[in-house]
Amino acid sequence: MKKIVQLSALLFFFSSLSFAQINDKEKEYTSMREALINPEKVYRLNLSNQDISLSSEQWSRFVNLEYLNLKNDHLKEIPLEITKIKSLKTIDLSGNDFSKLPDAFSNLVNLEEIYLNDEKNMNLPKTLSILSKLPKLKTLHLENDNLSKLPSEILLFKNLENLYLNQNNFKKIPEIQTLDHLKYLDLRDNKIKPELQDMKNLNFGFKINF
């Protein structure tokens with residue numbers, strides 16, 4: 001009987017740990033001050049629409065961070081220490097003022113999705129060249145970036161599955177057929193003529209949304 005009680009207590013302990021971790025992963029922090037109380041428990045951090053100025057030491061404390069939102073934070077450059085957060089899977093850098101990503105951005109080996117929307121000052125060829133080195137990047141958002149064509153660096157991507165180009169100035173479907181892993185291309189709210197939109201029925205190897 002004693003062994004059964006001990007086993008039940010042990011199972012309860014591990015199930016409590018699992019439940020606590022699930023709660024931690026679901027909670028989204030919107031305040032750096034709050035997040036730094038227990039940084040190892042922070043999986044989602046949303047600092048969008050804020051005036052942030054953070055030290056290198058602060059970033060390095062987020063050892064389990066998976067989602068980071070820095071949208072509309074007027075960043076002229078991306079803090080270099082962010083590139084050391086190996087757990088990061090999704091990052092939103094939309095609406096900032098930087099021209100390109102740091103070269104060390106390619107260290108984010110687990111990054112799967114990046115938002116680079118509303119970027120008017122971005123050097124896209126250099127940015128794409130850096131992003132193409134990310135082994136797990138599957139989803140790329142380049143929405144409302146005043147684009148009419150894609151630089152050849154887009155063809156460097158090896159594992160890209162989803163490409164969002166909505167709200168740009170494309171007049172035709174970009175030539176990206178050689179992106180073997182591409183599954184979805186979003187071209188909504190561009191300047192593609194109706195007769196060209198009929199091309200979506202051709203077999204490109206991926207789904208196109210106009």
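Read through the list (1) aliphatic (A, V, I, L, M); (2) within 30 Å of Tyr164 (Cβ to Cβ); (3) open to solvent by 70 Å² or more (accessible area, probe 1.4 Å); (4) modelled with pLDDT of 90 or more, then give the number of the only condition that Ile37 fails.
(2)
Given the criterion open to solvent by less than 10 Å² (accessible area, probe 1.4 Å), closer than 24 Å to Phe206 by Cβ and aliphatic (A, V, I, L, M), identify the matching residue among Leu165, Leu65, Leu155. Before you say what the answer is, go through the steps one by one.
Numbers: Leu65 fails: closer than 24 Å to Phe206 by Cβ; Leu155 fails: open to solvent by less than 10 Å² (accessible area, probe 1.4 Å).
Matching residue, one of Leu165, Leu65, Leu155: Leu165.
So, of the residues in the stretch 111-134 that are assigned to a loop (DSSP other than H, G, I, E, B) and open to solvent by 50 Å² or more (accessible area, probe 1.4 Å), which turns out to be farthest from Asn168 (Cα to Cα)?
Residues of the stretch 111-134 assigned to a loop (DSSP other than H, G, I, E, B): 111-112, 116-123, 132-134.
Now drop any that are not open to solvent by 50 Å² or more (accessible area, probe 1.4 Å), which leaves 112, 118, 120-121, 123, 133.
Working: Glu112: 23, Asp118: 10, Lys120: 11, Asn121: 15, Asn123: 16, Lys133: 25 Å.
The qualifying residue farthest from Asn168 (Cα to Cα) is Lys133.
Would you tally the residues in the stretch 26-54 being among the hydroxyl-bearing types (Ser, Thr, Tyr) and touching a residue at least 12 places away in the same chain (Cβ under 8 Å)?
First, pick out the residues of the stretch 26-54 that are among the hydroxyl-bearing types (Ser, Thr, Tyr): 29-31, 43, 48, 53.
If we keep only those that are touching a residue at least 12 places away in the same chain (Cβ under 8 Å) as well, we get 29-30, 43, 48.
Of the residues in the stretch 26-54, 4 are among the hydroxyl-bearing types (Ser, Thr, Tyr) and touching a residue at least 12 places away in the same chain (Cβ under 8 Å).
Residue under question is Ser94, and the condition is that it be outside any helix (DSSP H, G or I), hydroxyl-bearing (Ser, Thr, Tyr) and open to solvent by less than 10 Å² (accessible area, probe 1.4 Å); does it hold?
Numbers: outside any helix (DSSP H, G or I): yes; hydroxyl-bearing (Ser, Thr, Tyr): yes; open to solvent by less than 10 Å² (accessible area, probe 1.4 Å): yes.
Yes; evaluated as a whole, the condition is true for this residue.
Name every residue in the stretch 171-191 that is buried (at least 19 other Cβ atoms within 10 Å of the Cβ) and part of a loop (DSSP other than H, G, I, E, B), in order of residue number.
Of everything in the stretch 171-191, those that are buried (at least 19 other Cβ atoms within 10 Å of the Cβ) and part of a loop (DSSP other than H, G, I, E, B) turn out to be Ile173, Leu179, Leu182, Leu187, Asn190.
Do we have Ile114 as in contact with a strand residue (DSSP E or B) (Cβ under 8 Å, 6 or more places away or on another chain) and more than 20 Å from Leu182 (Cβ to Cβ) here? If you could, list the steps in order and put the result at the bottom.
Values: in contact with a strand residue (DSSP E or B) (Cβ under 8 Å, 6 or more places away or on another chain): yes; more than 20 Å from Leu182 (Cβ to Cβ): no.
The answer is no for Ile114.
Please go through the stretch 149-161 and give me each residue that is at pLDDT below 95 and closer than 17 Å to Arg188 by Cβ, ordered by number.
Once the filter is applied, which keeps residues that are at pLDDT below 95 and closer than 17 Å to Arg188 by Cβ, the stretch 149-161 yields nothing.
Exactly one of these conditions fails for Phe105: (1) in a loop (DSSP other than H, G, I, E, B); (2) within 23 Å of Glu143 (Cα to Cα); (3) modelled with pLDDT of 95 or more. Give me its number.
(1)
The values are calculated or read from the model by the stated rules, or taken from the named source; none is laboratory data. The structure presented is a predicted model; accordingly, all values stated were derived computationally and were not measured. No Cβ is skipped: glycine too gets one built from the backbone with ideal geometry, and neighbour counts run over all protein chains shown. With ligands, DNA and RNA removed, areas are computed over all heavy atoms of the protein, side chains included. Shrake-Rupley method; radii C 1.70, N 1.55, O 1.52, S 1.80 Å.
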